[in-house]
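Visitor: Submitted below is the structure of interest, expressed as structure tokens.
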Amino acid sequence: MSLTSPGRVLVVGAGMVAHHLVEQLVARSPEGEWQLTVLGKEDAAPYDRVHLSEFFTGRDGSALTLSGTPWLDPRVQLRTGDPVRSIDRDARTVTTRSGRVEAYDHLVLATGSWAWTPRTEGTDLPGVFTYRTLGDVEALRDWVARRTEELGRPLAGAVVGGGVLGLEAAAALQTLGTSATVVEFADRLMNVQLDDGGGEALRVLVTGLGMDVRTSTGATRLGAADDGAVATMDLSDGSSVPADVVVFSTGVRPRDRVARESGLAIGERGGVVVGPTCRTSDPSIWAVGECASFEGECTGLVAPGNAMADVVVDQLLGGSATYRPAADGTKLKGVGVDAASFGDVFALTPGALEVMFADPVAQTYRKLVVSDDARTLLGGVFVGDTSLYSSLRPMLGRPLGADPSAFLAPEGGAPAPGPDLPDDVVVCSCSNVSAGTVRAAVTEHGCTSVGEVKTCTRAGTVCGSCVPLLTKIVSSTLESAGVTVSNAMCEHFAMPRAELFALVRRDGLRTFTQVVEAHGTGRGCAVCKPAVASMLSSTNAGHVLEREHAALQDTNDHVLANMQKDGTYSVVPRVRGGEITPEKLVVLGRVAAEFGLATRITGAQRIAMFGARIDQLPAIWRRLVDAGFESGQAYGKSLRAVKSCVGQAWCRFGVQDSASMAVRLELRYRGLRSPHKFKVGVSGCARECAEARGKDVGVIATEKGWNVYVGGNGGFTPRHAELLAEDLDDDRLVQVIDRFLAHYIQSADRVQRTAPWVAEYPGGLAELRRVVVDDARGLGAELDAVMAEHVAQYTDEWRATLDDPEKLRQFVSFVNAPDTPDPDLVYAPVRGQVRPARAGDDVADRSPVVARTLEVRS
């Protein structure tokens, strides 16, 4: 048999890795004289198991099916629903369950793995599932629908296993309308992929989604209802939770029975032993993917499986490729929160250094692990914001080129690695595609879009986490070749945000569904959903918690509050221009004392209260709204605050009434949704006590009126705002700011602050001044109308929420126990107030009201 003509190839298993192997063999040997047969256990053709959870968001089995192109090749046959029962190595045949005998010259085992379930009493009860196959999720969906009808109430759901799949299963249960308790034996979620800090940050975020997270405990017994179906789950900590439906997601084991019974070498921890060529102990048999044991390890990810498939194809065609494990990367999908990691997460490399940045306000946790000289990237953890994941993961094992801390700092830090990566850097680990291959797809194969490059190289077609970096490389390569680059907002909308915003406004679209039907495709993604939500809010399409809009919002917008590090929330009422009456101060004090909230005066001249439980938010806000307060929208991409000095009213240096102007501006722009948050400052003289030039819009009084500055911000790289117009009277000042903000909202990119928008404005500040101040393009009347509409239709988001019982239903600690506060919340006293208790605190109490009165022992 010629090495370049593998003859009869038989693939046992019809999963993603098998599909990849067939694709590669067809692509690399289009004229070869070989025959290939794939034998699958499941009835379905190979499907996208990585995105299995999307089944619950409307992507049915047919939509998950992988490309059928390989099966169109006359040399390839796919037989499903007939698993292999035995292998006769001497005769080089396999026998299937139906009795069919298939001969082979080369046999490739791609049997994958099976979902392991611990020996817990009651796992055979109706209503207990695993979460591994299309059949599993179909059965889960059917059970929830049937059982909900039988019981006449929403079900209580429980998931055993707090890993990636377990969290996806919990999110799926919530999508089906059940509650979700996640039980994890380890002390944190995603304990294999996240360190302690990352796990705690993820717990806070997941709890905010309404999941009940129980760590450091296990399921010991499942109890049955009177009709025999599962009803309760007993835990090793002695507690019990209701459980009308239970999903076990406690790991997988290699599916190696047939190989074991045929006498092939099996690893100590299971799996078919293979060497660097992926050959087993029988030279004519290969093993790839999760069923293969290489150097004693079986991998549970698709990327190394695809890499093994590439090796086998190369070997079958006479090549000499060998398998070398690459560092794994994992990204959480479909749960509603972001978490990802890669490389040496736990800094086990000798001398490794850890650089961390945690932002409790933004609810993000980021860590990089670097070599002892802080130059080489060894690993990373990202929770709450995974935007750096796709850019930094390909740099694993390579010099970072900058101080590691600069990558983790808030916006304005060191830029993430760009598209100029070396050719040999692997951009897509799932399909093992390098930066050079991506560039070659453009320069040598004529691809002119990301979609074409994905089709050509398969990069970005599995988990999709590399798509942001892939897009940068494709765009950069196209630009270098003089080709016009697509500026599509994402794969679902072919136009940039500004163009889509104009279409939404022109057509009067009111929901995401309408926007997709009119101008997009698919079901949306993490990029376009919040962007469209912002547009709909900016065009007054309804309250952010309306049924059609709620699912599009970012995490904090879901509860109209900012989540804190312990899972509680801040309450930040608007204090217009920094002015507040004694009567309102008394109200804030009484509310804070009654609910045990920690109080603090913020840099934006507001009074923030910390430590509110989600179930307390409506009661707190009822008291505040009744006293005349309104939402300060500290949670949204909108106006945060207008900061001012006392101005002419009290200050002997003031030349204008800055406080009155600040109140006027705050009343005008309150509730104005925008591509990013924005702040305004008003100073009564050139001494600039309000630090107005550090704001997105800065107003500074002059003897003749007001100067207005735009595009400033603080943060890691503070930027002074630039002068837009001078010596304006009150009304003209308001008109100029109206037009600046309306133009910014209409034309900025998604999540783009005013500073980069002004800096990148075509024609620079001079052209922006011509448009906004001089009305050189005749846009003034339209921009004026936009702001007038906003002012006329403004409603306070918290007042509207309190008046709507439907919106109030989501403000509960636990869906299945709405009156039960989170038992993990414990407080310690500090300077007459409270903070979340830490390990080692001498005194603490579950009630913040009590905790603030405790005496700290010295």
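Visitor: Looking at (1) part of a loop (DSSP other than H, G, I, E, B); (2) crowded, with 22+ Cβ neighbours inside 10 Å, which is the one condition that is false for Arg652?
Guide: (2)
Visitor: Counting just the residues of segment 155-203 that are more than 17 Å from the chain's Cα centre (by Cα) and of a type in the set (Val, Ile, Thr), which one comes out farthest from Asp328 (Cα to Cα)?
Guide: Of everything passing the filter in segment 155-203, Thr178 is farthest from Asp328 (Cα to Cα).
Visitor: Looking at (1) under 30 Å from Gly263 (Cβ atoms); (2) part of a loop (DSSP other than H, G, I, E, B), which one does Val312 not meet, given that it meets all the others?
Guide: Of everything listed in (1) under 30 Å from Gly263 (Cβ atoms); (2) part of a loop (DSSP other than H, G, I, E, B), Val312 misses just condition (2).
Visitor: Can you tell me which residue among Val22, Val50, Val84, Val26 is in contact with a helix residue (DSSP H, G or I) (Cβ under 8 Å, 6 or more places away or on another chain), touching a residue at least 40 places away in the same chain (Cβ under 8 Å) and farther than 23 Å from Ala307 by Cα?
Guide: Just a single option satisfies the conditions, and that option is Val84.
Visitor: Please go through (1) touching a strand residue (DSSP E or B) at 6+ places or on another chain (Cβ under 7 Å); (2) among the β-branched types (Val, Ile, Thr); (3) within 28 Å of Gln24 (Cα to Cα) for Val50 and return the number of the only condition it doesn't satisfy.
Guide: So Val50 meets the others, but not (1).
Visitor: Any idea which of (1) surrounded by fewer than 18 Cβ atoms within 10 Å (Cβ to Cβ); (2) assigned to a strand (DSSP E or B) is the one Asp43 doesn't satisfy?
Guide: (2)
Visitor: Go through Leu624, Leu617 for me and flag whichever is within 30 Å of the chain's Cα centre (by Cα), in a helix (DSSP H, G or I) and closer than 30 Å to Asp822 by Cα.
Guide: Being within 30 Å of the chain's Cα centre (by Cα), in a helix (DSSP H, G or I) and closer than 30 Å to Asp822 by Cα holds for just one of Leu624, Leu617, which is Leu617.
Visitor: Looking only at segment 355-370, which residues are open to solvent by 20 Å² or more (accessible area, probe 1.4 Å), free of Cβ contacts under 8 Å to residues at least 60 places away in the same chain and out of contact with any Leu (no Cβ under 6 Å at 6 or more places or on another chain)?
Guide: Matches in segment 355-370: Asp359, Ala362.
Visitor: On the basis of being under 30 Å from Ala180 (Cβ atoms) and open to solvent by 20 Å² or more (accessible area, probe 1.4 Å), does Arg260 make the cut?
Guide: Judged against the criteria, Arg260 is not a match.
Visitor: Any residue in segment 382-393 that is assigned to a helix (DSSP H, G or I), touching a residue at least 12 places away in the same chain (Cβ under 8 Å) and not hydroxyl-bearing (Ser, Thr, Tyr)?
Guide: yes
Visitor: Out of segment 271-302, which residues are among the aliphatic types (A, V, I, L, M) and surrounded by fewer than 21 Cβ atoms within 10 Å (Cβ to Cβ)?
Guide: Passing the criteria: Val273, Leu301.
Visitor: Failed condition for Ser86, given (1) out of contact with any Asp or Glu (no Cβ under 8 Å at 6 or more places or on another chain); (2) among the hydroxyl-bearing types (Ser, Thr, Tyr); (3) at pLDDT 95 or above, with all others met?
Guide: (1)
Visitor: I've got another one for you. Sort through Leu624, Leu665 and tell me the only one that's more than 26 Å from Val204 (Cβ to Cβ) and open to solvent by less than 10 Å² (accessible area, probe 1.4 Å).
Guide: The conditions single out Leu665.
Visitor: Here's something else I'd like to know. Pull out all pairs, ordered by first then second residue, where Cβ-Cβ is under 9 Å, the residues are six or more apart or on different chains, the first lies in segment 679-708 and is touching a residue at least 60 places away in the same chain (Cβ under 8 Å) and more than 17 Å from Ala641 (Cβ to Cβ), and the second is open to solvent by 30 Å² or more (accessible area, probe 1.4 Å) and of a type in the set (Lys, Arg).
Guide: Taking only residues 6 or more apart or on different chains, not a single pair turns up.
Visitor: I would also like to ask the following. Please state which of the following conditions Asp234 fails to meet, knowing it meets all the rest: (1) part of a loop (DSSP other than H, G, I, E, B); (2) touching a Lys or Arg at 6+ places or on another chain (Cβ under 7 Å).
Guide: For Asp234, the exception is condition (1).
Visitor: For Ser293, state whether it is of a type in the set (Ser, Thr, Tyr) and in contact (Cβ under 8 Å) with a residue 12 or more places away in the chain.
Guide: Criteria met by Ser293.
Visitor: Of the conditions (1) at pLDDT 85 or above; (2) under 30 Å from Ala604 (Cβ atoms); (3) out of contact with any Lys or Arg (no Cβ under 9 Å at 6 or more places or on another chain); (4) buried (at least 23 other Cβ atoms within 10 Å of the Cβ), Asn562 satisfies every one except a single condition; which number is it?
Guide: All conditions pass for Asn562, except number (4).
Visitor: Same structure again: Take Gln605 and decide whether it is assigned to a loop (DSSP other than H, G, I, E, B) and free of Cβ contacts under 8 Å to residues at least 40 places away in the same chain.
Guide: Against the criterion (assigned to a loop (DSSP other than H, G, I, E, B) and free of Cβ contacts under 8 Å to residues at least 40 places away in the same chain), Gln605 qualifies.
Visitor: Please tell me if Glu23 is open to solvent by less than 50 Å² (accessible area, probe 1.4 Å), among the acidic types (Asp, Glu) and part of a helix (DSSP H, G or I).
Guide: Answer is yes for this residue.
Visitor: In segment 522-555, how many are without any contact (Cβ under 8 Å) to a residue 60 or more places away in the chain and β-branched (Val, Ile, Thr)?
Guide: Result for segment 522-555: 2.
Visitor: Please give the helices (runs of 4 or more DSSP H) falling wholly within segment 730-795 in which 1 or more residues are of a type in the set (Lys, Arg), in contact with a helix residue (DSSP H, G or I) (Cβ under 8 Å, 6 or more places away or on another chain) and crowded, with 20+ Cβ neighbours inside 10 Å.
Guide: Of the helices (runs of 4 or more DSSP H) lying wholly inside segment 730-795, those with at least 1 residues that are of a type in the set (Lys, Arg), in contact with a helix residue (DSSP H, G or I) (Cβ under 8 Å, 6 or more places away or on another chain) and crowded, with 20+ Cβ neighbours inside 10 Å span 730-747.
Visitor: What residue, among those in segment 630-649 that are part of a loop (DSSP other than H, G, I, E, B) and over 33 Å from the mean Cα position of the chain (by Cα), is surrounded by the most Cβ atoms within 10 Å (Cβ to Cβ)?
Guide: Taking the candidates together, the pick is Cys645.
Visitor: Does Val544 satisfy the condition of being open to solvent by less than 20 Å² (accessible area, probe 1.4 Å), in a loop (DSSP other than H, G, I, E, B) and at negative phi?
Guide: Criteria met by Val544.
Visitor: Test Glu499 against the stated conditions and say whether it is within 24 Å of Val337 (Cα to Cα), open to solvent by 40 Å² or more (accessible area, probe 1.4 Å) and of a type outside the set (Gly, Ala, Ser).
Guide: Answer is no for this residue.
Visitor: Yes or no: segment 410-421 includes at least one residue that is at pLDDT 75 or above, more than 22 Å from the chain's Cα centre (by Cα) and more than 21 Å from Val527 (Cα to Cα).
Guide: Yes, segment 410-421 contains at least one residue that is at pLDDT 75 or above, more than 22 Å from the chain's Cα centre (by Cα) and more than 21 Å from Val527 (Cα to Cα).
Visitor: Sticking with this structure for a sec: Do any strands (runs of 3 or more DSSP E) entirely within segment 60-121 hold 2 or more residues that are more than 13 Å from Ala18 (Cβ to Cβ) and open to solvent by 50 Å² or more (accessible area, probe 1.4 Å), and if so, which?
Guide: 84-88
Visitor: Go through segment 309-344 and give me each residue that's of a type in the set (Val, Ile, Thr) and either open to solvent by 40 Å² or more (accessible area, probe 1.4 Å) or at pLDDT 90 or above (or both).
Guide: Val311, Val312, Val313, Thr322 - these are the residues of segment 309-344 that are of a type in the set (Val, Ile, Thr) and either open to solvent by 40 Å² or more (accessible area, probe 1.4 Å) or at pLDDT 90 or above (or both).
Visitor: Of the residues Met563, Met535, which single one is farther than 30 Å from Gly198 by Cβ and within 21 Å of the chain's Cα centre (by Cα)?
Guide: Residue meeting the stated conditions: Met535.
Visitor: Checking Val182 against (1) in contact with a Lys or Arg (Cβ under 9 Å, 6 or more places away or on another chain); (2) open to solvent by 20 Å² or more (accessible area, probe 1.4 Å), which single condition isn't satisfied?
Guide: (2)
The values are calculated or read from the model by the stated rules, or taken from the named source; none is laboratory data. Nothing here was measured: the structure is a model prediction, and the numbers come from that model. Cβ sites come from the backbone with ideal geometry, for glycine too, and all protein chains shown count toward neighbours. Heads up: the accessible areas ignore ligands, DNA and RNA and are worked out on the full protein's heavy atoms, side chains in. Shrake-Rupley method; radii C 1.70, N 1.55, O 1.52, S 1.80 Å.
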